[in-house]
1. Out of the range B:42-58, which residues are assigned to a helix (DSSP H, G or I) and more than 8 Å from DNA strand C (Cβ to nearest atom)?
2. Since A:Gln99 meets every condition but one in (1) within 14 Å of another protein chain (Cβ to nearest Cβ); (2) within 23 Å of B:Ile194 (Cβ to Cβ), which condition does it not meet?
3. If you take the residues in the range B:14-33 that are within 14 Å of DNA strand C (Cβ to nearest atom) and open to solvent by less than 20 Å² (accessible area, probe 1.4 Å), which one is farthest from B:Ile111 (Cα to Cα)?
4. Please pick out the residue among A:Ile143, A:Ile156, A:Ile136, A:Ile86 that is touching a residue at least 40 places away in the same chain (Cβ under 8 Å) and either within 14 Å of chain B (Cβ to nearest Cβ) or among the hydrophobic types (A, V, I, L, M, F, W, C) (or both).
5. Determine whether A:Lys137 is in contact with a helix residue (DSSP H, G or I) (Cβ under 9 Å, 6 or more places away or on another chain) and either in a helix (DSSP H, G or I) or away from DNA strand C (no atom under 16 Å from the Cβ) (or both).
6. Just give me the residues in the range A:76-117 being open to solvent by 50 Å² or more (accessible area, probe 1.4 Å), more than 17 Å from A:Phe165 (Cα to Cα) and in contact with an Asp or Glu (Cβ under 8 Å, 6 or more places away or on another chain), in sequence order.
Number of protein chains: 2
Amino acid sequence: MYFRGVISQSDMEKIDKIYKAALELFTTKGFHGTPTSEIAKTAGVANGTLFHYFKTKEDLINSLYLKVKNELVEESINGIDKIDSIKLKVEFLWSKSIQWAMTHPQKLFFIQQYMYSPYITTNTLEEVDKIKEVYIKLIQEGIKTGEIKDVSVDLIYILMTQHLFGMIQYLIMNPEKYHNSEFMNMSFNLIYDILKVN
Amino acid sequence: MYFRGVISQSDMEKIDKIYKAALELFTTKGFHGTPTSEIAKTAGVANGTLFHYFKTKEDLINSLYLKVKNELVEESINGIDKIDSIKLKVEFLWSKSIQWAMTHPQKLFFIQQYMYSPYITTNTLEEVDKIKEVYIKLIQEGIKTGEIKDVSVDLIYILMTQHLFGMIQYLIMNPEKYHNSEFMNMSFNLIYDILKVN
DNA sequence: TAGCATAGAGTGATTAGTCAATCAAAATTA
DNA sequence: TAATTTTGATTGACTAATCACTCTATGCTA
């Protein structure tokens, strides 16, 4: 987001409306498929107002990504320091991420859509590695204590993330499983069995 | 692809040149970022020729996807019937897929780019379920014989695919590991340990 | 009244797709 | 075989539409 000066309450409301409209339209019609004019119209502001808050369309896309991804990070991390065991910490992150994705499926889809688009700038990518850091530290700690296999940290991180995405994909198609605690328990063990030292 | 009449050798050559140019440009500049005019220019044909073979730009994108995905399917499946054990069959598919991805990283990137874009039509998706069928049958057989865990077939399929994508992502970033057979062996066991009944 | 937010018509650039003209090769005729 | 006609591929200038972004006039608030 691009802005010079103090951001007032009414600014924030307007910006939020633009974000909301953009998220809705991007996920249903794609980045290219949504003209800025339609975003403005859906948000209930004039075309010019959109460009008052965002330098370009690309700026809007990148800002929205940062906002959404940040939301995911905050909600997943919040409260983790109260937990002691490494396994429980990993499980905490795991279930919080799933919880977030199940309550905001559109936002998850946006993240994926963005990740595989040519809009990503190294700049944006770097800003977002907070959650990766948390995972990486956990994994490293686990390797040190001997709880987690001594395999490349990067590999473990990628596999966890991909496994998580897969599980969410399945849950979105079979939402009743999400409320089946036996299933959810098993689903975590499926991935943790890979990581843990037998 | 859209065409009326017999497709000659020279047609195929032209079409291939268009596909090649499109793949190159789409993966580096995105679907929206590449004008059809540039595809035609790169392919060395006139603008009108492109539209002679493909009804619309979207038709080109979808056709290219089908072609690439089909290539992956064919190369992964070819020879699998000579193998007996289920585990070895799964491993065969697994390593063939990785092999293909490592020799055609651009095509893999295109597949992912497409999967998370709004160009997918149900039509296209259905046409592409051939490889899924092979996997699904293998999994079902494995469940019946007791070799594979009795979990939802769809879930197992999604997890395998995601795990595979993750592994490829890692290998592309660390290509030296691809030639390390100890690593490659371990990488397969990582996923098979999830599936197999202990 | 000063200063910033908002509006929305306007602009210039871009692009998917068209179409009438051209060309090459195959088919037909002499 | 040579001349002529037919067929369909190929071309690229052109068009109609779209879109990101600008700009100036107006509104609002402190």
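The values are calculated or read from the model by the stated rules, or taken from the named source; none is laboratory data. Source: prediction; values computed, not measured. Using ideal geometry, Cβ is built from the backbone for each residue, glycine included, and neighbour counts are taken over all protein chains shown. Ligands, DNA and RNA are excluded from the accessible area calculation, which covers all protein heavy atoms including side chains. Shrake-Rupley method; radii C 1.70, N 1.55, O 1.52, S 1.80 Å.
1. Within the range B:42-58, B:Thr42, B:Ala43, B:Thr49, B:Tyr53 qualify.
2. (1)
3. Filtering first and then ranking leaves B:Ile18.
4. Every option except A:Ile86 fails the conditions.
5. So A:Lys137 does not fit the description; no.
6. A:Lys87
Matching residues to (1) under 30 Å from A:Ser117 (Cα atoms); (2) charged (D, E, K, R):
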{"site": "B:Ile86", "(1), (2)": "no, no"}
{"site": "B:Ser97", "(1), (2)": "yes, no"}
{"site": "B:Pro118", "(1), (2)": "yes, no"}
{"site": "B:Asp129", "(1), (2)": "yes, yes"}
{"site": "B:Glu141", "(1), (2)": "no, yes"}
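Conditions (1) on the phi > 0 side of the Ramachandran plot; (2) in contact with a helix residue (DSSP H, G or I) (Cβ under 9 Å, 6 or more places away or on another chain); (3) outside the structural domain of B:Thr121 (by TED's automatic domain parsing); (4) not in a loop (DSSP other than H, G, I, E, B), marked per residue:
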position: B:Phe26; (1), (2), (3), (4): no, yes, yes, yes
position: B:Gly30; (1), (2), (3), (4): yes, yes, yes, yes
position: B:Ala40; (1), (2), (3), (4): no, yes, yes, yes
position: B:Leu88; (1), (2), (3), (4): no, no, no, yes
position: B:Ser95; (1), (2), (3), (4): no, yes, no, yes
position: B:Gln99; (1), (2), (3), (4): no, yes, no, yes
position: B:Phe109; (1), (2), (3), (4): no, yes, no, yes
